[in-house]
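> One structure, pasted below without further comment.
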Amino acid sequence: MTRTSEILVIDDEQVIIDAVKKTCSLDNYSVDTAATVAEAIKKIDSNKYEIIICDIMMPDGDGFQILDKVNNKNINTAIIMTTGYSTVENAVSSLYKGAVDFIPKPFTVDELLNSVFRANKYQKIKTKVAEYSLQKKNGELFYVNCPAKYFRLGYSSWMFKERDGSVLVGICDLFLKTIDSVKKIDFVESESEIIQGINCAQIISGDERAHKVLSPVSGRIVELNENLKMNFSLIEKDPYFEGWLYRIIPSDIGYEQKLLTPCSSDRL
């Protein structure tokens, strides 16, 4: 069945554009392209795209200009940033500014398709929330926001600082809603170091897609949630309390927290 989602790919590398077009055609997505920021802005002004896949570093600017354009004009689209590992800090900043995901280069076919799959589901949830708001309907809860005093990295993961200085790390409910059911969770081993913006876990969904979870902060894992390891459904039932992933000793919480969104200000 043909999907209605339209994707704009913004990248100055033809090999990347060709790869994205070929990959997205596997799921019947229609793809438009732009090789510069200026060209992309013109296309965004005259077309509607459900999803934009944008490289951060461009010859005539950067992906943040695209984010600013979308935010300032209140354009309804989901932005996925692509980047090399050398610019992970910029990628984390893009999530703070409203991107729904970023995938490092080089990325695999599955990584790209799964990111697009989540972005598409995100757009559908966003549309439903907006419709209910306009119609002033109550009663249906599409997802649960992070509690106050939590901080989140985009819509992927959250952190909560405990009184003893340790930090709990988990997955946002909105992220979980974009992947459907949780079949399995692949954890990082205890005593491992995790890095802000780098994968810290992987969820295998009911349809066998693999979804990588980006860590909200850097630090050393000192405890895994053993209850969650024995019962994966905990993360869907209670993602912010019983369903946490790790307890870590943070390495630079003062700086990294500035790149996270306070959940007290949450709204889709």
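> Kindly indicate whether any position in segment 174-182 is open to solvent by 40 Å² or more (accessible area, probe 1.4 Å), of a type in the set (Ser, Thr, Tyr) and touching a residue at least 24 places away in the same chain (Cβ under 8 Å).
Yes: segment 174-182 contains one or more residues that are open to solvent by 40 Å² or more (accessible area, probe 1.4 Å), of a type in the set (Ser, Thr, Tyr) and touching a residue at least 24 places away in the same chain (Cβ under 8 Å).
> Regarding Ile204, is this residue out of contact with any Leu (no Cβ under 8 Å at 6 or more places or on another chain), open to solvent by less than 50 Å² (accessible area, probe 1.4 Å), assigned to a strand (DSSP E or B) and under 29 Å from Val129 (Cα atoms)?
So Ile204 fits the description; yes.
For every residue, the table says whether it meets (1) surrounded by 16 or more Cβ atoms within 10 Å (Cβ to Cβ); (2) of a type in the set (Gly, Ala, Ser).
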residue	(1), (2)
Val188	yes, no
Gly197	yes, yes
Val217	yes, no
Ile249	no, no
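> Among the listed residues Asp101, Asp55, Asp32, which satisfies the condition of being open to solvent by less than 60 Å² (accessible area, probe 1.4 Å), of a type in the set (Asp, Glu), in contact (Cβ under 8 Å) with a residue 24 or more places away in the chain and over 27 Å from Ile194 (Cα atoms)?
Checking each option against the conditions leaves just Asp32.
> So, in segment 104-132, exactly how many residues are among the β-branched types (Val, Ile, Thr), open to solvent by 30 Å² or more (accessible area, probe 1.4 Å) and within 12 Å of Ile51 (Cβ to Cβ)?
Residues flagged as among the β-branched types (Val, Ile, Thr), open to solvent by 30 Å² or more (accessible area, probe 1.4 Å) and within 12 Å of Ile51 (Cβ to Cβ) within segment 104-132 amount to 0.
> When you scan segment 231-239, do you find a residue that is farther than 26 Å from Leu112 by Cα, touching a Leu at 6+ places or on another chain (Cβ under 7 Å) and open to solvent by 40 Å² or more (accessible area, probe 1.4 Å), even just one?
No, segment 231-239 contains no residue that is farther than 26 Å from Leu112 by Cα, touching a Leu at 6+ places or on another chain (Cβ under 7 Å) and open to solvent by 40 Å² or more (accessible area, probe 1.4 Å).
> Kindly indicate the residue of segment 143-168 that is in contact with a Cys (Cβ under 7 Å, 6 or more places away or on another chain) and among the hydrophobic types (A, V, I, L, M, F, W, C) and also surrounded by the most Cβ atoms within 10 Å (Cβ to Cβ) among those meeting that condition.
Trp158
> Could you please find all residues in segment 35-52 being open to solvent by less than 30 Å² (accessible area, probe 1.4 Å) and part of a helix (DSSP H, G or I)?
Passing the criteria: Val37, Ala40, Ile44.
> In segment 213-268, how many are in contact with a helix residue (DSSP H, G or I) (Cβ under 7 Å, 6 or more places away or on another chain), part of a helix (DSSP H, G or I) and modelled with pLDDT under 95?
The qualifying residues number 1.
> A further question follows. Determine whether Ile17 is at pLDDT below 95, in a helix (DSSP H, G or I) and out of contact with any Gly (no Cβ under 8 Å at 6 or more places or on another chain).
Judged against the criteria, Ile17 is a match.
> Answer yes or no as to whether Lys22 is in a helix (DSSP H, G or I), open to solvent by 20 Å² or more (accessible area, probe 1.4 Å) and either of a type in the set (Lys, Arg) or at pLDDT 95 or above (or both).
yes
> Something else about it: Only one of Lys69, Lys97, Lys105 is modelled with pLDDT under 90 and either of a type in the set (D, E, K, R) or within 25 Å of Ala210 (Cα to Cα) (or both); which?
Testing whether each residue is modelled with pLDDT under 90 and either of a type in the set (D, E, K, R) or within 25 Å of Ala210 (Cα to Cα) (or both) leaves just Lys105.
> Let me ask another. Of all residues in segment 168-194, how many are more than 19 Å from Tyr155 (Cβ to Cβ) and in a loop (DSSP other than H, G, I, E, B)?
Here the count works out to 5.
> Can you find a residue in segment 180-188 that is within 23 Å of Thr261 (Cβ to Cβ) and either touching a helix residue (DSSP H, G or I) at 6+ places or on another chain (Cβ under 8 Å) or basic (Lys, Arg) (or both)?
No: zero hits.
> Next up: Every residue in segment 203-225 that is within 27 Å of Glu256 (Cα to Cα) and of a type outside the set (Val, Ile, Thr), please.
Ala210, His211, Lys212, Leu214, Ser215, Pro216, Ser218, Gly219, Arg220, Glu223, Leu224, Asn225
> Also: Out of curiosity, is Ile171 buried (at least 17 other Cβ atoms within 10 Å of the Cβ) and within 30 Å of Tyr132 (Cα to Cα)?
When the stated conditions are applied, Ile171 passes them.
The values are calculated or read from the model by the stated rules, or taken from the named source; none is laboratory data. From a predicted model like this one, the values you see are computed outputs, not experimental measurements. Note: ideal-geometry Cβ built from the backbone for every residue, glycine included; neighbour counts use all protein chains shown. Surface areas here come from the heavy atoms of the whole protein model, side chains and all, with no ligands, DNA or RNA. Shrake-Rupley method; radii C 1.70, N 1.55, O 1.52, S 1.80 Å.
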